[in-house]
Each structure stands twice: as structure tokens, then as C-alpha cells.
Amino acid sequence: MQSQFAVFEKYLPPKASRYCFDLWVKHGFTLKVVKGRSTKLGDFRFNKGKKPIITVNQDLNPYAFTVTYLHEVAHLQAFEKYGRRIAPHGAEWKNTFKEVLFPMVEAGAFPDELGLKLRRHLANPKAASCSDPALMMALSKYDIHKSGILLAELVIGEEFLLESRHFKKEGKKRTRSICLEMKTGRKYLISEVARVERIAIDREKA
């Protein structure tokens, strides 16, 4: 059990590790810390006949990891309490998310500025932290080893590189941006939390 707790100590801030570990013990789900994904930060999967599975990206900073982990635990708790027929991010999930995240805000697991943003976020939780620009920007301030900027920081019409591919941001749909790949002319929905490299365009020469 100590080796499992070490995983929580590695990825979570000190004041959150025991609380999050106890939730894992209580619910008995499988936790997988996975490679960073540009499409999502984490997810919850009902695994019929087996333990439920929660995944969280390993490249998240400790505070983003905590929020994402508790977001997915709230899905599990809402599923256990209300069944599978509820809306993924409906009232049942929102109330459950408040219940699991608020104790960490109160306990000072987050820096003061971030704790304030989380209190505001909890007034009406979104489907994901990337749906709340203020919270997303606040969380991103604690990214140390990541280069580039969040796609959410670009305005419509700006161009960027993602995995060496050239895109233009053309719009937004919920938690993702509608992006045009310049080479192929195809459009993609890309997560607002994807890290990209902004391309500076000389408008006089364009």
C-alpha cells in the first residue's frame, strides 16, 4: 500500500496526496497515469465486471493533476450514487464535484490565487477546466517543463504549430477550437489546453 501512496506523493501537492489516496482506497478503482494527450487531461471509464478505470495525464503540474483527478473521481461517485442515466456533466456531477474538490480548497492544498479561482469555478463547474478560461490560465502558470502556450490563449485567426503541423484557429466549439490545417485544408477540433507554438505573421508581407 505504501508503494501506491508514493504515486500520489509524486504527482500531487503535499496537502492533497493523502486525501486523494483515501478516495482511491475507498472506491477501489484502477488509476493509470498516462502519457500526455492533447485531446484530454483525464477520463473515467466504467469497466463492466471489473474495476472502474481513471486515467490522468502524467505531464500535468501538481495542481492541474489534482483538479483533473478529482474531476474524474466525481464522475465515479456520481455514477455509483445516481446510476448511468445521468448527464455526464449535469447537476448530479456538478454537486458531486463540489463535494470532492471543496475540501482541498478549504485545506489550502492550492496557492491562494488558484484557490480563489477554484472557488469561483465551483459556483458552476464546467465540463472541463479548459471550459473555464480564468481557471485554465491560473493552472497553466504552474507548468514548469512545458514549452509553448495554450491554444486557448490564441485569438481567432492566429496561426500556430502543433506537432510540426501548421494550423489556423478559426473558431471554438465547447472545450475545443476549430482549426484549419494549412497544408491539407482539413478542419480539426483541437483541445483548448493543447500546447502550441504561435506563428508570428508579418501582415505587411502577407
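Out of all the residues in region 152-165, which are crowded, with 19+ Cβ neighbours inside 10 Å and out of contact with any Phe, Trp or Tyr (no Cβ under 7 Å at 6 or more places or on another chain)?
ALA152
Of the residues ALA64, ALA78, ALA74, which single one is in contact with a Leu (Cβ under 8 Å, 6 or more places away or on another chain), free of Cβ contacts under 8 Å to residues at least 60 places away in the same chain and of a type in the set (Gly, Ala, Ser)? Outline the logic, then answer.
Numbers: ALA64 fails: free of Cβ contacts under 8 Å to residues at least 60 places away in the same chain; ALA78 fails: in contact with a Leu (Cβ under 8 Å, 6 or more places away or on another chain).
Among ALA64, ALA78, ALA74, only ALA74 is in contact with a Leu (Cβ under 8 Å, 6 or more places away or on another chain), free of Cβ contacts under 8 Å to residues at least 60 places away in the same chain and of a type in the set (Gly, Ala, Ser).
Quick check on region 1-56: of everything there that is under 21 Å from LYS81 (Cβ atoms) and of a type in the set (Asp, Glu), which residue is modelled with the highest pLDDT?
ASP22
What are the residues in region 119-165 that are assigned to a loop (DSSP other than H, G, I, E, B), modelled with pLDDT of 85 or more and not β-branched (Val, Ile, Thr), if any? Please lay out each step first, then the result.
Pass one, region 119-165, residues assigned to a loop (DSSP other than H, G, I, E, B): 123-128, 132, 141-148, 154-158, 163-164.
Now drop any that are not modelled with pLDDT of 85 or more, which leaves 123, 141-143, 154-158, 163-164.
Result: ALA123, LYS141, TYR142, ASP143, LEU154, GLY157, GLU158, GLU163, SER164.
Which residues, counting only those in region 30-59, are in contact with a Phe, Trp or Tyr (Cβ under 8 Å, 6 or more places away or on another chain) and in a loop (DSSP other than H, G, I, E, B)?
Selection gives PHE46, LYS51, PRO52, GLN58.
The values are calculated or read from the model by the stated rules, or taken from the named source; none is laboratory data. Model, not experiment: these values are computed from the prediction. Every residue, glycine as well, gets a Cβ built from its backbone with ideal geometry; the counts of neighbours run over all protein chains shown.
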